[in-house]
Structure formats: C-alpha cells, structure tokens
Amino acid sequence: MKAVTANLLTDGRVVYLGPEGDWVERLQEAQLFADDAAADAALASVAARIKDVADAYLIDATEDGAAAGREAIRETIRNNGPTVRADLGKQSEDQSSNKAASKAANDGASADETVAGGRV
Amino acid sequence: MYRYDEFDAAIVKERVAQFREQVERRLAGEISEDEFKPLRLMNGLYLQLHAYMLRVAIPYGVVSSRQLRRLAHVARVYDKGYAHFTTRQNIQYNWPTLVDAPAILDDLAEVEMHAIQTSGNCIRNVTSDQYAGAVAGEVEDPRVWCEIIRQWSTFHPEFSYLPRKFKIAVTASENDRAAVRVHDIGLRILEKDGETGFEVIVGGGLGRTPYIGVTIRDFLPKDRLLSYLEAILRVYNRFGRRDNKYKARIKILVNALGPEEFTRLVEEEWAASDGLGLDLPPAEAARIKTYFAPPAFADLPAESAAFDKALADDADFARWVRTNVVPHKVAGYSIANISLKPVGAAPGDVTDAQLEAIADIAERYSFDEARATHEQNLCLPHVRKDDLYAVWKDLVAAGLATANMALASDIIACPGLDYCALANARSIPLAEELAARFSASGLEETWGELKIKISGCINACGHHHVGHIGVLGVDKKGEEFYQILLGGSAAEDASLAVITGRALSAAETLDAVERVVRFYQDERRDGERFLDSYRRIGIAAFKEVIYDDAHV
C-alpha cells in the first residue's frame with residue numbers, strides 16, 4: 001500500500017493525504033492506495049496545492065497504516081516523533097492513535113529495541 | 001566581543017525584511033516551494049523530518065549573556081523549550097514554524113544575531129578556538145581574524161554561489177581545538193622572524209570523501225590574508241565542479257589537480273590581483289582588534305585559598321575541576337568548560353532555563369561571555385579561581401555540571417534520524433547509551449582523552465572520520481546498521497579514522513565499542529591516550545576485538 005505524505009507549509013508538521021482529500025495528522029488515518037497508478041495520481045493531484053504543503057511524496061504502508069518498506073524507520077519516526085524524546089512530536093499529542101505506530105516501530109524495526117537499551 | 005556598527009545592523013535588518021516578504025509570498029502561494037527553498041536556506045531555515053529547523057549563527061562561537069537570554073526566549077516562545085548546539089559552534093531550533101521565522105529573526109537581530117551563512121553554497125560561519133583570548137601561548141587572538149573574515153565573507157557577491165558550501169576555521173594555538181586540518185580552509189596563526197602570519201591549509205574536509213588539508217603556504221603575512229583567501233576562492237569558484245554535488249567541495253579540486261598545481265593556480269591568481277586593493281588596510285584591522293581587547297582582568301595571585309579549600313572539601317567539585325577546568329593565561333583565572341553531554345540527554349541540547357542559567361553565570365563570573373565549542377559544549381572563558389566553586393554550584397543547580405570534558409562520555413553526535421531528513425540511522429540513542437555505560441563504569445577519567453564521534457549518515461556532521469572512535473550509521477535494506485572507525489583525530493595530530501569492517505547492528509555496535517575501550521584499558525602503557533595506544537598497536541588487534549565473538 002502507498003500513502004501521500006508531506007509537511008504543512010505553515011509549520012512543517014507531518015501530514016498525510018486523507019480519504020476526503022484533506023490532510024490528516026497520522027498515517028493510520030491516511031488514504032491508502034493499493035494501486036501504484038492511483039497513488040501516483042493522488043500525488044500528482046496535490047502538486048497544485050502549494051499553499052498547503054511542502055515536499056509531498058509517496059511512502060509505503062501496511063494495510064493497517066504502519067510505515068513499511070525501506071523507509072519504514074524514517075517514516076515511523078516522522079509519524080511519531082523523535083525516539084529520544086517521547087514528550088515531543090505526535091507521539092506526545094495523541095496517545096490513543098499512537099498505538100498502531102509504536103507497535104509497528106517495535107515489530108518492524110528490530111534495531112529499535114536495542115538502540116537505547118530497550119527504552120525506545 | 002565585536003559589536004555591530006551601523007552597517008552590520010542595517011544589513012541584518014534588511015535581510016530579515018526581505019525574508020519576511022519572501023515568506024509572505026510563499027504563504028500566499030505566489031512562489032512555489034522550489035522557488036522558495038533556496039531563499040529560506042539562505043536564511044538558515046531547513047525543512048527536517050518533523051518540522052522546520054532554524055540554524056542560528058554564533059560567529060566563531062562567541063556569545064554574550066544578552067544573546068544567550070534571547071536564544072532562551074526563542075526556545076521558549078517559538079520552539080519547544082530547548083535548542084541544540086551543533087558541531088560548527090552554531091545553535092539550532094528543531095520546531096520553529098515558517099510563519100514565525102521572520103519574527104524569530106527580528107528578535108535575534110535585536111541582539112546582533114542572525115541565521116546568515118548557516119546554509120547554502122556560500123562561505124559559512126567561520127569557526128575558531130573556544131579558548132581564544134583566554135589560553136596561554138596564542139600568537140594573536142584568532143577572533144580578530146575571524147571577525148575580519150566574517151565581514152569580508154558576509155554577502156560577498158562573488159562567493160554567494162560557490163560550487164558548494166565553504167568552511168573556514170582559524171586557530172592561534174599549538175593545540176588545535178578548531179579542527180583546522182579538516183576544513184575547506186584552515187588558518188593557523190603563527191610567528192616567524194618576529195612577524196605574524198598564517199599557515200594556510202586547504203582542502204580538508206569530512207563528508208563522503210574525507211581529506212586532511214594540505215598546507216599550500218607555510219607563512220602568509222597577516223596583512224595579506226584577504227587577498228590570499230580571495231585568490232583561493234576564485235580558483236575554487238572557477239574550477240570547482242558544479243556537475244556533481246558530491247565532487248564539488250574544494251577538497252576534490254585540490255586532490256584532482258594535485259596540491260602543487262592547485263597552489264600554483266592560487267599563487268598566479270594572487271599575483272594577478274596584486275595592487276587591486278583587496279587587502280584590509282592595517283588601520284581597519286587595528287580598529288577591529290580593539291573590540292577584542294582583553295576584559296579588565298584583576299591583578300590576582302596565581303593561587304586561591306578559597307579554591308584550594310573547596311577542592312579539598314568537595315570531591316565532586318574536585319572531579320569537575322580535574323576534567324572541566326583548564327588554565328587561563330592570566331594569573332588567578334581559569335577557563336571553565338560546561339559539558340552539554342549529561343547522561344540521558346542528546347549531545348548539545350540545552351533547555352531555555354539552562355541557557356538563562358548560563359547567561360546569568362557568564363554575566364556574573366565571566367565578563368558577560370560564553371563560547372560554543374565545535375564539540376557541542378560551552379565554555380566560560382574567564383572565571384576567577386576564587387569564583388570557580390560558586391560557578392560550579394550554579395552549574396550543578398542548572399544540571400550543567402557534568403564532569404566529562406574530552407572523556408569517553410563527551411560524545412559528538414549529529415541529530416541523526418531522530419530529526420534529520422538526510423540521515424540513514426539514528427545517532428543520539430547510541431551516544432546516550434555509550435555515555436551511560438562509560439559514565440557508569442567509573443573508569444572514564446582514568447582513560448583520559450577519548451573522543452567518540454557519531455554520524456547518522458555519510459555527510460559526517462558527527463565528525464566520525466576524526467573520532468578516536470568513530471561510528472557511522474548506514475542503511476542496510478531499511479534497517480539501521482553502524483560502521484566502527486578507529487584512529488581519527490581533528491586536533492594538531494590530525495588523521496582520518498579507518499573503517500574496521502562490516503557494519504553491525506546498534507546492539508552489536510554498542511558492545512563492540514565497549515570491548516574496544518576495555519581492550520585499550522588492558523593494553524595501554526604509561527597512561528597512554530586511546531589514540532596513542534591505537535597508533536602503537538595497530539588496527540589488526542582492534543579489529544579482532546570488534547569482530548571476534550570470543551571477546552564478548
């Protein structure tokens with residue numbers, strides 16, 4: 001699956017293209033595209049929305065909305081916040097919707113558990 | 001320290017006004033991100049993983065109490081209550097908004113600060129020795145020449161679109177704390193036959209192709225500095241590659257042409273520019289020098305009874321003095337280092353409250369001045385020995401009295417994948433875990449100087465190439481792995497660290513680095529530094545320790 005992500009122009013916050021064509025805060029809430037052509041079309045459709053966001057691009061995601069593929073760690077960190085500061089980023093703002101992402105980080109990235117002695 | 005004149009104040013103010021307008025046009029959708037990006041970068045504003053990042057220049061690391069308070073204000077009002085000191089004596093904020101950026105820059109301009117020359121392919125913020133003007137044995141105060149270079153380089157029209165960024169460092173000491181041999185240009189102030197001049201070192205650098213710089217002139221009379229820099233930059237601007245950003249730094253040009261040919265071109269350009277009046281008139285240099293006149297040091301005895309008593313009475317203070325305090329050139333004074341490497345925090349991070357505490361301490365005890373170091377620490381350049389105990393107690397209260405300068409837990413680490421859009425792997429968690437282990441060992445003081453430097457990608461902001469032990473984060477099929485390098489130095493004995501072998505997982509890396517240090521502890525002779533033991537023993541034995549599970 002794929003999703004469109006970007007950073008909001010005004011403040012740089014990480015956002016994802018949502019099902020209504022709006023920007024949503026968490027990858028779990030993003031519109032997922034099973035079809036590459038549809039994902040490419042969605043990305044192309046946001047190209048004109050230059051007042052909304054900077055730097056839109058496609059990412060890989062699992063069906064339940066966790067980051068996947070080569071950039072899984074990077075995109076998990078973008079979706080959550082710095083792993084060294086649980087008090088910062090989206091992980092600090094919305095504990096309930098965070099569960100899927102932190103589960104993904106723990107399942108998907110084996111280095112996560114060991115990097116900071118299990119603290120991450 | 002230097003104070004802005006009307007011209008400095010005007011250009012900084014004008015630049016903020018220009019940027020404010022550019023931001024407004026971007027927010028209104030009148031210009032695209034592609035058009036805006038180079039403009040925001042010229043004002044120090046990057047877009048990182050979670051947010052924008054604003055990098056604020058601290059020219060040659062010198063910062064006043066008033067400026068520290070303003071930096072704290074920015075952290076509190078516009079950011080998330082903290083800021084981060086970089087490996088280039090700058091400070092950066094990880095969460096500013098684009099909307100606020102002009103207001104932040106306005107607030108900074110009021111205290112003679114800005115984000116100019118902190119990004120882009122220009123001559124970047126010049127760096128220097130954090131002990132400048134305080135340590136014994138300097139030929140001249142390097143800050144004078146840093147300021148001259150700053151004024152010459154800021155908005156220099158010919159050098160605003162170089163092939164790539166360009167970094168200049170200046171030292172005036174035998175002990176190189178400015179890493180001059182790994183800069184695009186390194187300048188070492190020295191004296192020859194009663195005259196002051198510069199050793200000019202060119203083509204050093206880290207990144208994906210590290211080089212130790214080569215000396216292209218043993219002695220340049222100091223009055224000729226700007227014309228000679230101009231000649232180097234012109235040769236680079238003309239012949240440096242622009243087709244491939246990875247081959248665009250001057251180090252690539254120097255090594256492609258060969259140092260002799262490069263030097264010949266520079267000398268030819270320099271001769272051709274003779275008589276054009278590119279050098280600074282000596283009277284102007286003398287005027288700038290007056291800004292760096294020594295503060296009003298008191299006439300004090302070399303020894304302090306109060307200090308000696310505190311040393312004898314308080315073991316924690318004594319430990320901090322052993323590791324963090326170094327001699328000053330003036331009797332009765334010391335240089336006090338503030339470690340920004342406490343266990344459990346990211347190297348170089350400070351809170352707004354800590355910045356204010358440092359401002360208060362500097363104001364009261366160090367002539368209103370602090371310095372940022374390229375190793376992500378701070379120092380108070382001029383503290384009376386009589387006051388050291390009080391300074392230490394204030395630092396303890398602010399959580400800033402970590403006693404580990406230059407020891408194994410005083411680790412350089414770039415922001416890594418926790419913040420940085422370029423990173424392949426995280427750096428801070430490794431730094432934190434290694435610092436915790438070495439600190440807990442209780443042995444790091446017995447090891448002495450041991451420089452561990454961690455980068456989360458090949459761009460080497462964490463200086464891994466010049467770590468006694470370097471760690472480089474790499475991406476292997478979407479997982480974080482780390483290469484261990486050994487034997488680097490950024491000091492006067494500069495050398496590039498060598499990659500020891502295949503990359504390891506984070507957990508393996510932590511254990512391997514710990515084994516390397518334990519091996520050194522077993523093998524060291526006569527109080528050798530790690531680096532000296534490594535150089536004596538050679539890489540083979542250390543490789544075995546890293547990769548042989550029998551050592552686990």
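The values are calculated or read from the model by the stated rules, or taken from the named source; none is laboratory data. What you are looking at is a predicted structure, and each value in this text was computed from that prediction instead of being measured. Positions of Cβ are generated from backbone atoms using ideal geometry, with glycine treated the same way; all protein chains shown enter the neighbour counts.
The set of residues in segment A:1-22 that are more than 19 Å from A:Asp35 (Cβ to Cβ), more than 9 Å from chain B (Cβ to nearest Cβ) and of a type in the set (Gly, Ala, Ser) contains only A:Ala6.
In segment B:261-277, the count of residues that are more than 25 Å from the chain's Cα centre (by Cα) and within 30 Å of B:Arg3 (Cα to Cα) is one or more. With respect to B:Phe292, is the statement that it is touching a Phe, Trp or Tyr at 6+ places or on another chain (Cβ under 8 Å), in contact (Cβ under 8 Å) with a residue 60 or more places away in the chain and not in a helix (DSSP H, G or I) true? Yes. Taking into account only those residues within segment B:42-71 that are more than 21 Å from B:Ile123 (Cα to Cα) and among the polar types (S, T, N, Q), which is surrounded by the most Cβ atoms within 10 Å (Cβ to Cβ)? Filtering segment B:42-71 for residues that are more than 21 Å from B:Ile123 (Cα to Cα) and among the polar types (S, T, N, Q), the one surrounded by the most Cβ atoms within 10 Å (Cβ to Cβ) comes out as B:Gln67.
Please determine, by comparing only the residues of segment B:99-123 that are surrounded by 23 or more Cβ atoms within 10 Å (Cβ to Cβ) and in contact with a Ser or Thr (Cβ under 7 Å, 6 or more places away or on another chain), which one is nearest to B:Lys13 (Cα to Cα). Taking the candidates together, the pick is B:Ile116. Residues in segment B:72-98 that are part of a loop (DSSP other than H, G, I, E, B) and surrounded by fewer than 20 Cβ atoms within 10 Å (Cβ to Cβ): B:Lys80, B:Gly81, B:Thr97. Within segment A:57-89, the residues that satisfy the criterion of being more than 9 Å from chain B (Cβ to nearest Cβ) and surrounded by fewer than 19 Cβ atoms within 10 Å (Cβ to Cβ) are A:Tyr57, A:Leu58, A:Asp60, A:Thr62, A:Glu63, A:Asp64, A:Ala86. Among residues of segment B:459-477 that are within 19 Å of B:Ala506 (Cβ to Cβ), those with a beta-carbon under 7 Å from a residue that is basic (Lys, Arg) at least six positions away or on a different chain give the pairs B:Gly462/B:Lys453; B:His464/B:Lys453; B:Gly467/B:Lys451; B:Gly467/B:Lys453; B:Gly470/B:Lys453; B:Gly473/B:Arg426; B:Lys477/A:Arg70. Across segment B:1-49, the number of residues qualifying as more than 27 Å from the chain's Cα centre (by Cα) and within 14 Å of another protein chain (Cβ to nearest Cβ) comes to 15.
Where helices (runs of 4 or more DSSP H) fall wholly inside segment B:490-552, the ranges with 3 or more residues that are modelled with pLDDT of 95 or more and closer than 22 Å to B:Ala425 by Cα are B:506-523.
Have a look at B:Val466, B:Val471 and point out the one that is more than 14 Å from chain A (Cβ to nearest Cβ) and under 23 Å from the mean Cα position of the chain (by Cα).
Values: B:Val471 fails: more than 14 Å from chain A (Cβ to nearest Cβ).
Just one listed residue meets the conditions, B:Val466.
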